[in-house]
1. Within segment 423-469, how many residues turn out to be within 18 Å of Glu501 (Cβ to Cβ), of a type in the set (S, T, N, Q) and at pLDDT 75 or above?
2. Being open to solvent by less than 30 Å² (accessible area, probe 1.4 Å), closer than 29 Å to His24 by Cβ and in contact with an Asp or Glu (Cβ under 6 Å, 6 or more places away or on another chain) narrows it down to one residue among Arg243, Arg254; which is it?
3. Could you count how many residues in segment 47-80 are touching a helix residue (DSSP H, G or I) at 6+ places or on another chain (Cβ under 8 Å), open to solvent by 50 Å² or more (accessible area, probe 1.4 Å) and either part of a loop (DSSP other than H, G, I, E, B) or among the acidic types (Asp, Glu) (or both)?
4. Looking at segment 466-503, which of its residues are under 32 Å from the mean Cα position of the chain (by Cα), free of Cβ contacts under 8 Å to residues at least 40 places away in the same chain and assigned to a helix (DSSP H, G or I)?
5. Can you tell me how many residues in segment 81-106 are surrounded by fewer than 20 Cβ atoms within 10 Å (Cβ to Cβ) and either closer than 18 Å to Gln259 by Cα or not aliphatic (A, V, I, L, M) (or both)?
6. With the condition kept exactly as written, say whether any residue in segment 138-146 is surrounded by 22 or more Cβ atoms within 10 Å (Cβ to Cβ), of a type in the set (Gly, Ala, Ser) and either within 20 Å of His114 (Cβ to Cβ) or under 16 Å from the mean Cα position of the chain (by Cα) (or both).
Amino acid sequence: MGDQQRLTPEEQIRSAREAFEDGHDFTVAVEEEFALLDPDTLELTNRFEEVKAGAAGTELDEHLVGELIASEIEVKTGRCANFGEAAERMAERRTQLGELADRFGVGLASTGTHPWSRWQDQRIIETPHYRRNNELLQYVVWRNNSFGIHVHIGIRGADRAVAVCNAFRNVLPELLALSASSPFLEDCVTGLHSARTEIFTKLFPRCGVPDAYDDWAAYEDYIRFLYATKSIDEHTQIWWSVRPHLAYPTVEIRICDAQPDLGEAQSLAALIYALGTRFARAIDEGEALPNHPHRLIEENMWRAIRYGLTEGLIDFERGEVVPARARIEALIEWVLPSPRRSARRPTSQSRRPTPRSASTSASRSSARIAMSLRSWSAGRGSGSVGEAVEGVGGVFFRARDPDALRAWYAEHLGIDMEDFGTVFTAKDGDQTVWAPFPNDTAYFGPSGQQLMVNFRVRDLDAMLAELRAAGVDVDDRVEKMEYGRFAWASDLEGNRFELWEPS
């Protein structure tokens, strides 16, 4: 819509309704926000205007926009007829942006927050729109140095668009848990999985989980009220995590942290798109959908902000906490086309493990890599040896039935593997012990195995209880040592492994 809203409030509201009534179902557009980095220090760098000018006259130009601060840039797919096209455009736009950034010697990053750059060093870009937001919000807008991914889904019918937004409210925590990629902020290990969400949704007005509305007329009344009371002077000042967009006939989902990996970004956008189309069809067919109170959704929002996928989310129908990955898997199964999916509501859960395509671990790893790169670029951590082993790169072992063993580890220890295995990235400061034992050691148990793997766990007692309940062979003893508590169990093929809860 440009830098200013060109229509009066009444014209905007009327135009939006007409656009939805005449809109097209299930078009899709994806917007990705990237940090601009100094390639030497990896600090945020205020070079948006320069990079944007460099795109002039290219295909990328109309799909490249500013987003608040001069160290941030947003790239858009543009409207696509289907998700296959959108996925291709996401790849194409990232390539185009990467080539443009290379021309100007600028680095790119895509996580929810930058791990250490200060908000005080970032400059608001010079456009009428962002100058206005600067005047209105002051510290709130200065503090918001964050990066996300937004998905627009075309929905025909104004009432139907509001109903789809209502449905999305209930799964915002699951989408956030899946996408969380911002554990670090301003040189702080925040203890959160999505510091971006805590900054953005807790500071901005009209942000986070919206109310549910009976229909477009009720939503329209609220928008008219905001204009009449001068709470807003343009529709973009509604920053909810899901909203009917007043400039395009789309439902926009805005809850997710930015994704460092293209495949993860595409997978996340695909799930959002599939949910949107499934919600619309459920509404058309009169299928009952959850409609949880705002206060309950916020409980799961906090869990997603704090723990990502590593802890549980509340199943409100059952009144109990279930694994976050099971919640994600239930959504995936619910959106699968018939007859592959069962006729289950998105609140149900499955026992089958969720694939490790969830981006949380990889996204947090990217932030940790950035922290390591910062130390490297500052000259810290160098030693006297030119080349030296830095850690254990992998543990490989024989198995009679690799497929069955992979499934066993996924079910009982939550280690989901591709054909090549899985990749672990330790938390900041964690260590991996590499040590030979005497050939006659009894520490590996009676199986005669040549190696034993030690797995870190957060809550040893809870892990042992789950394993015993599943019938896994678990040693009776638990030992407390200087470095923490240790226990032992055996997998499907009798391989003994160690569980360690660090002190």
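1. Looking only at that region, the number is 1.
2. Going through Arg243, Arg254 in turn, the sole match is Arg243.
3. Counting residues in segment 47-80 that are touching a helix residue (DSSP H, G or I) at 6+ places or on another chain (Cβ under 8 Å), open to solvent by 50 Å² or more (accessible area, probe 1.4 Å) and either part of a loop (DSSP other than H, G, I, E, B) or among the acidic types (Asp, Glu) (or both) gives 2.
4. Ala469
5. Qualifying residue count, segment 81-106: 15.
6. Within segment 138-146, one or more residues are surrounded by 22 or more Cβ atoms within 10 Å (Cβ to Cβ), of a type in the set (Gly, Ala, Ser) and either within 20 Å of His114 (Cβ to Cβ) or under 16 Å from the mean Cα position of the chain (by Cα) (or both).
Every residue, every condition in (1) aromatic (Phe, Trp, Tyr); (2) open to solvent by less than 20 Å² (accessible area, probe 1.4 Å); (3) modelled with pLDDT under 90; (4) part of a helix (DSSP H, G or I), yes or no:
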{"residue": "Leu176", "(1), (2), (3), (4)": "no, yes, no, yes"}
{"residue": "Thr201", "(1), (2), (3), (4)": "no, no, yes, yes"}
{"residue": "Phe225", "(1), (2), (3), (4)": "yes, no, no, yes"}
{"residue": "Tyr248", "(1), (2), (3), (4)": "yes, no, no, no"}
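For (1) outside any loop (DSSP other than H, G, I, E, B); (2) small (Gly, Ala, Ser), each residue gets a yes or a no:
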position: Thr277; (1), (2): yes, no
position: Ala288; (1), (2): no, yes
position: Glu298; (1), (2): yes, no
position: Met301; (1), (2): yes, no
position: Thr310; (1), (2): no, no
position: Ile314; (1), (2): yes, no
position: Arg325; (1), (2): yes, no
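The values are calculated or read from the model by the stated rules, or taken from the named source; none is laboratory data. Values in this document were obtained by computation on a predicted structure and should not be read as measured data. Here the Cβ is made from the backbone with ideal geometry for all residues, glycine too, and neighbour counts use every protein chain on show. To get the accessible areas, we keep the full protein, side chains included, count just its heavy atoms, and leave off ligands, DNA and RNA. Shrake-Rupley method; radii C 1.70, N 1.55, O 1.52, S 1.80 Å.
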